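One structure is given here, and the rest of the page talks about it.
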């Protein structure tokens, strides 16, 4: 079997394994929003439904459910908490797209493009508030504490990113700080809270937080790779978008660190000169590839995924082996995904 | 003693009575933000401090403290919860000023004007998140439920207002619906949660929620009156701002309902025609006054304040008479305030 077919088959198996959970997440979100939006302005209802039911991967609620079940939680009460993590994720996308003036999200007009900035700000506030309510109600003060630390880290990560905008000397450490705040800590919080509500031991909670942190970091690196190397038809985003916005992601940072003086100068020129930038994405990609920027980035993502998978080895009870398998497969999927 | 001097003296007495609580609110906010912002991006710290320590009246945390003390709560633990209501209020102002593209807040550049829209959106998100955390930690799931219903009503009220923008036929009922969602329900929630954490009876909780609802509604009517009749030097806002934005507030709605055909036509022309509107605020004010739009609005605010004051009569215990007096004086202040 060729590598591609093997990946596809692993992906199919994973999708089959998680299908019941994903379907339940969709159902519980529909029920909850019906309740939360009862009597609300019709435009608010439309915006929330448009922004939530958009073919998202539901990675965050899924992680929470799996982490809780891995730690022995039974029953379906966990889903009401799980959806909070999708709401908060959607709320950040609503606001991020306003901030980035992004017109497209998952191949469709973004909420701000379709309904306007005001609607996107307020819709995000609504989901933010609902998510906090669900976490406070279903994960207690301790869960809310972990959750809020992560949401505050997101805001802080955005500020760090703003501060570093157009800083062409961004270090790898700075890149990882932004990724940690904006993406990874929230996935860590998701897994940790899953373990918390399952009343797992502090050691298990810590291990699951580490799993989420590694997974989330790798997820973002792959996102940044797809921005250069993805198929726009699959990702729903234009190729080279980050480069056009002078966004310093890992492949570019690593290439700039390794390039000789003349190639570094050329790469910076392509990045800084508006006209060169517009036509220079292919040349820039070649230069990044020449200095192994893509391969090294992928190597770092692979290393993180290996760490995530290895962290799970403390869960040896055969009764939860099914969930260990799914979390391992999910980690593999993060590496192989093409959208 | 003339009426003005009497009002001033009542105000001085009130300010003296609440000074210890207001000082404590400021202190606890400084301590809490120092903790919450430890290690955060310096720009985020600057934005939050600028937006919070701006000479605000601290009405919301004050109401919470007073409601709790009225219901017998002792000690100072309540302040950590109280400041959440100022944070949420500030978060809504951050986002509202982005939405309204407002440049001025309390006579100074608004957060969006001074730091940009992105900073205002993210700063608002930070405060929103922190407020939910504090409520969840200090008022439990029940308190968070009341709080989130109120924040969701705010978003819904904004949508209702957007839907009604430039609807010159707005009814009094529509006006009250927006005021309830955007302002009054949050003050009701503030008072109710104060009673809740003091473990007051359901009846006392309900009465305090009613007090907050009446007070909040009157507060907004007075705000809308000040927009026409205030002193820009005192309010920090240009006179006639609402009229310039074609915002249908109670004085205008009531005048349009009572005016004869020709005056109604003239008032609508002044409102709808851009050039007429810019020079027509004095004429519009005269027409509103001719049909008692200001006097009737004030009458409705006075009625609401009378209801708020009367609701408090169930608290007959002499040990809390001091707090009943302050809440009554606060209600009186809402009517007499000039900024």
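Throughout, read-outs are computed from the coordinates displayed, never taken from laboratory work. What you see is a predicted model, and the numbers here were worked out from it, not measured in a lab. Counting neighbours? That spans all protein chains shown, and the Cβs are built from the backbone with ideal geometry, glycine included.
Points worth noting:
- Gyration tensor analysis over the Cα atoms of region A:3-336 returns equivalent ellipsoid semi-axes of 33, 25, 18 Å (largest first, whole Å).
- Remark: mean inter-chain Cβ contacts per residue of B:137-144 equal 4, using a 10 Å Cβ-Cβ cutoff to other protein chain atoms.
- One Cα centroid belongs to region A:271-336, the other to region A:13-66; the line between them spans 26 Å.
- Set against the 2.2 N^0.38 Å expectation for a compact globular protein, region A:1-93 has a Cα radius of gyration ratio of 1.27.
- Calculated SAXS-style log₁₀ I(q)/I(0) at q = 0.19, 0.27 Å⁻¹ - region B:278-339, Debye, Cα scatterers: -0.78, -1.07
- Scattering profile of region B:99-175 at q = 0.19 Å⁻¹ [log10 I(q)/I(0), Debye over alpha-carbon scatterers]: -1.00
- Cα long-axis angle, helix A:261-272 against chain A (0 to 90 degrees, to the nearest 10): 60 degrees
- From largest to smallest, the equivalent ellipsoid semi-axes obtained for region A:76-217 from the alpha-carbon gyration tensor read 27, 21, 11 Å.
- Crossing angle, helix A:281-290 versus chain A [Cα axis fit, 0-90 degrees, rounded to tens]: 90 degrees
- Computed Kirkwood radius, in angstrom, where 1/r is averaged over Cα pairs of the protein assembly as shown: 27.2 Å
- At q = 0.16, 0.18, 0.24 Å⁻¹, base-10 log of I(q)/I(0) for region A:235-285 (Debye sum, equal scatterers on each alpha carbon): -0.42, -0.53, -0.91
- Three-way shape label, region B:200-339, alpha-carbon gyration tensor, a/c 1.5: prolate
- Here region B:248-312 yields Rg over Rh of 1.13, to two decimals, using C-alpha coordinates and the Kirkwood radius.
- Inter-probe distance in nm under a simple model that places probes 7 Å from Cα toward Cβ, at residue A:303 and residue A:173: 1.6 nm
- Counting only alpha carbon atoms, the long axis of helix A:59-70 and the longest principal axis of chain A meet at about 50°.
- Virtual spin-label span in nm between residue A:325 and residue A:76, 7 Å along Cα→Cβ: 2.3 nm
- Distance from the Cα centroid of region A:168-227 to that of region B:94-157 is 27 Å (rounded to whole angstrom).
- Global form of region A:1-157, assessed from the alpha-carbon gyration tensor, a/c cut-off 1.5: oblate
- Within 10 Å of each Cβ in A:41-53, the average number of Cβ atoms from other chains: 2
- Test item: A:156-166 mean partner chain Cβ contacts at 10 Å: 4
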